[in-house]
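As structure tokens, the structure follows; a few thoughts come after it.
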Amino acid sequence: MFNDIGLPEVMALVVLAVLVFGPDKLPQVIQDVARTIRKIREFSDSAKQDIREELGPEFKDFEFEDLNPKTFIRKQLDSDDMGLKEIRNGFDLKKEMAEVSEAVSTVAEVDEVGTASGSAGTSAGTSGGRVDMQKRPETERPQGAGDPPPFDSDAT
């Protein structure tokens, strides 16, 4: 909580405490603050123990720190119950991306060869049963007999 407090900040707090409470009352104030912190910790520990007793024996290893979402997710991902470590270790993103790019380039090469040497009987957008994925203006797209006419949303 106070991990970013350095020596200058601590010194400023000590000087401020001496100025506010005075050197003669400062030891008593420190004792009162320490006693209050101790009582709050005891109250918190007893409340945690009461909750554990009320939950029953199946929650004897329950930790309240697990209620923090970051801690809970980290604990669930680190546990080997779901086998996520094998999945995480078995997945190589660079390898997968290389395979996908190789497959795409192979399909593109086959498609270019197929369209360049395609027969006149095939339509201009398809080659060997493949779908043409290039974006073309509506006027260049071939229309079949059952296709509806192009819809212009700006014209309505």
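The values are calculated or read from the model by the stated rules, or taken from the named source; none is laboratory data. No experiment lies behind these values; they were computed from the predicted model shown. Neighbour counts run over all protein chains shown; Cβ positions are idealised from the backbone, glycine included. Side chains are part of the model used for accessible areas, which takes the heavy atoms of the whole protein and leaves out ligands, DNA and RNA. Shrake-Rupley method; radii C 1.70, N 1.55, O 1.52, S 1.80 Å.
If r is the Cβ-Cβ distance from Lys25 to Asp50 and R0 is 41 Å, what FRET efficiency results, to the nearest 0.05?
On the way: r = 37 Å, r/R0 = 0.90.
So the FRET efficiency works out to roughly 0.65.
Report the full-extension gain for the segment Asn68 to Lys95: residue separation times 0.36 nm, less the Cα-Cα distance, to one decimal in nm.
Full extension from Asn68 to Lys95 adds 6.2 nm.
To the nearest 10 Å², what's Val14's accessible area with a 1.4 Å probe?
80
Give the shape of the range 1-84 as rounded, prolate or oblate, defined through the alpha-carbon gyration tensor: a ≥ b ≥ c are the square roots of its eigenvalues, a/c under 1.5 means rounded, and otherwise the shape is prolate if a/b is larger than b/c and oblate if not. All intermediate terms of the calculation are to be shown ahead of the outcome.
Numbers: a/c = 6.69, a/b = 1.91, b/c = 3.50.
Verdict is oblate for the range 1-84.
With θ set to phi - 60° and the Karplus curve 6.51 cos²θ - 1.76 cosθ + 1.60, what are the ³J(HN,Hα) couplings of the range 91-98 in order, to the nearest whole Hz, using x for Gly and Pro?
With coefficients 6.51, -1.76 and 1.60, one gets 9, 10, 4, 5, 5, 5, 5, 5 Hz.
So if each residue of separation counts as 0.36 nm, and I subtract the Cα-Cα distance between Gln76 and Asp61, what length gain in nm does that give?
Full-extension gain reported as 3.9 nm.
Quick one: 3J(HN,Hα) in Hz for the range 59-67, Karplus 6.51/-1.76/1.60 with θ = phi - 60°, rounded, Gly and Pro as x.
10, 5, 9, 5, 10, 5, 5, 5, 6
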